Every structure is written in C-alpha cells, then in structure tokens.
Amino acid sequence: MGDVMRIRLDISYRGTDFAGWAVQPGLRTVQGTLEDGLAQVLRTRVRLTVAGRTDAGVHSRGQVTHIDVPDETWIKLEGRGDRTSEQALLSRISGVLPADVVVRAVTVAPPGFDARFSALWRRYSYRIVDRAELRDPLRADWTLWSRRPLDVDAMRAATEPLVGVRDFAAFCRPRPGATTIRHLQELRWERRVGGPDDGLVVASVQSDAFCHNMVRALVGASMAVGYGQRPVEWPGEILRGGVRDPLAGVVPPHGLTLEEVFYPSDDEVAAQAERSRARRIEEHIWQ
C-alpha cells in the first residue's frame, strides 16, 4: 500500500431520515451516504472513522470523522487554479451530498490523529418542549413534545450525583465484552432563556465517551423525576444498584443532537489516541 494522507472531515446532519450512522445493508445511513459521495468525488472507496456513532433519528452539529486518502489521489484534487486539495474536496463533496448531511470543513489531520481515539470528550444536547405555546412544527424533528410540564430544578438536583467516573450499567444497553464505566463530566438541565432554544428544557451532557443508549436513558430517568413519579434520590439509587429500571426508559432519539467533539492540541492527539486505545484494551480484558 502506498502513502496516504489522513484527512479530517467535520460534518453535520439531520438524522430524521437516516437509519443511524453505521452502514447497514439496504438502509440509508450517514456513513453510507458520505462514503458513496466521497467515492464519486475521489474515484476510489475510502472508509470513514467516526468520533461517535449515532443511532437512527439522532442529529449532529459537530460530528468528526477521518479518512485516509492515497497521496496520488489527494494531489490530483488540486487540479487547475489556486484551490487547495482541501478546498477542492469540500466544494466537490458539497455538490454531490443530499441536503440533510453537510461537510462543514476539510483539513489535513495532524500526525497521529484519530477521530475516535484522539477525542477528549463528546457533548450532546437533548431538547424538550413542555409548554403548548412553544410547540413549533418547524422544530418538531429535533425536539421532544412533553404533554406535562417538567420540574427542571428537581431534574437538576437528581442528576448531580451522577457526574464523575461511574459505572453506568443501569443506563446502558449491555454489549458483550464492553465496559459500562464512563467519566460523565457534565449533566446539566436548564430551561433556556433567549436564543433559538428560548423556553425549551435542555440537557447538556458531556463525557469522555458514551455507551449505547446512555444519554437517552439518563434523560428518561430525569423526566421521571421531573414529572414527580420518582424522588430526586432515585437516579443515584439505580446507578448504584446497576440494574435497569423500567421508569428510566430510553426516550425517543429525535430530541438528541451531538453538539461537539473536543480534541487536544495537534501535538497531543497521537498520545491521546494511544492512551484511549490502551484504556479500551485494558477495560476489555478486565470485563
């Protein structure tokens, strides 16, 4: 195999009409749509590595991926004129993708960069409308409608004990050989004031990584408290018990948006990737 250039792609998508991120036979997925578009532009197949897979219906403003492009292919992208290969790829891929997935930036990745393993944290938002006067059909695809008002103060108090390095088995769909220990760095509920989310109940959830359905289960448990069905101590109790509770149900995916993936400085991405890989191997062995 010849030399390759590692290219970072920053992308956004409306998840409504996608069956999730990962390629699935016969289904429309974000990865499949992007890889097909890139094959058309690059005239060769490339494989996307993503910061974090999203489920069907989940949206993204700040997803990050990388591809490895053969040097010869990358150089040919420049063509005539003064456009760089990055500018040429951005322009051409924008011309072939559908409207619900957008490549926002194309950059040559620093040495050792890995979209998945170099990330320090991922941040999601979950948006809820719980007031009839705020319902808007133009944002129905990315907000959850709640027929009853939520007690945001109770939800905030209930989730504070969950922040930190914890075993989130009670809030994850188990996968063979996969750990459920995560560093939840932030879980904050607020009723937004001003801006496009004015009046919405919004969760901001940040972690080094997430296990399957973790954010949506945390939201489900929060809403049970917000409705007064469970006391504020309950989410902490089921976390310590490590067993799923039916009232901590997984909420619908369409209210969830991946907002941002954060990376260290360019000279630290390779070391961060190695640390993350080593930790995943160690956790797998421990499991």
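The values are calculated or read from the model by the stated rules, or taken from the named source; none is laboratory data. Since the structure is predicted, the reported quantities are computational estimates derived from the model, not experimental observations. Every residue, glycine among them, receives a Cβ derived from its backbone with ideal geometry; neighbour counts consider all protein chains shown.
Take the residues in the stretch 203-216 that are assigned to a strand (DSSP E or B) and small (Gly, Ala, Ser), then tell me which one is surrounded by the most Cβ atoms within 10 Å (Cβ to Cβ). Among those residues, the one meeting the criterion is Ala203. What do you reckon, is Pro176 closer than 25 Å to Asp153 by Cβ, surrounded by fewer than 20 Cβ atoms within 10 Å (Cβ to Cβ) and not charged (D, E, K, R)? Spelling it out, it is not the case that Pro176 is closer than 25 Å to Asp153 by Cβ, surrounded by fewer than 20 Cβ atoms within 10 Å (Cβ to Cβ) and not charged (D, E, K, R). Among the conditions (1) exposed (fewer than 14 other Cβ atoms within 10 Å of the Cβ); (2) at positive phi, Ala278 misses just one, which is (2).
Are any residues in the stretch 22-59 part of a loop (DSSP other than H, G, I, E, B) and more than 21 Å from the chain's Cα centre (by Cα), and if so, which ones? Passing the criteria: Pro25, Gly26, Arg43, Thr44, Arg45, Val46.
Taken together, the criteria exclude Val129 from residues that are modelled with pLDDT of 95 or more, over 17 Å from the mean Cα position of the chain (by Cα) and not assigned by TED's automatic domain parsing to the domain that holds Gly249. In the stretch 12-29, the residues that are outside the structural domain of Asp100 (by TED's automatic domain parsing) never reach a residue that is surrounded by fewer than 16 Cβ atoms within 10 Å (Cβ to Cβ) with C-beta atoms less than 9 angstrom apart, at least six apart or across chains. Sub-6 Å Cβ pairs linking a first residue in the stretch 131-143 that is surrounded by fewer than 14 Cβ atoms within 10 Å (Cβ to Cβ) to a second residue that is of a type in the set (A, V, I, L, M, F, W, C) and in a helix (DSSP H, G or I), at least 6 apart or interchain, number zero. A single member of Phe117, Phe168 is over 23 Å from Thr65 (Cβ atoms) and within 22 Å of the chain's Cα centre (by Cα), and it is Phe168. If we scan the stretch 16-26, do we find a residue that is within 21 Å of Ala109 (Cα to Cα), modelled with pLDDT of 95 or more and of a type in the set (A, V, I, L, M)? No, that holds for no residue.
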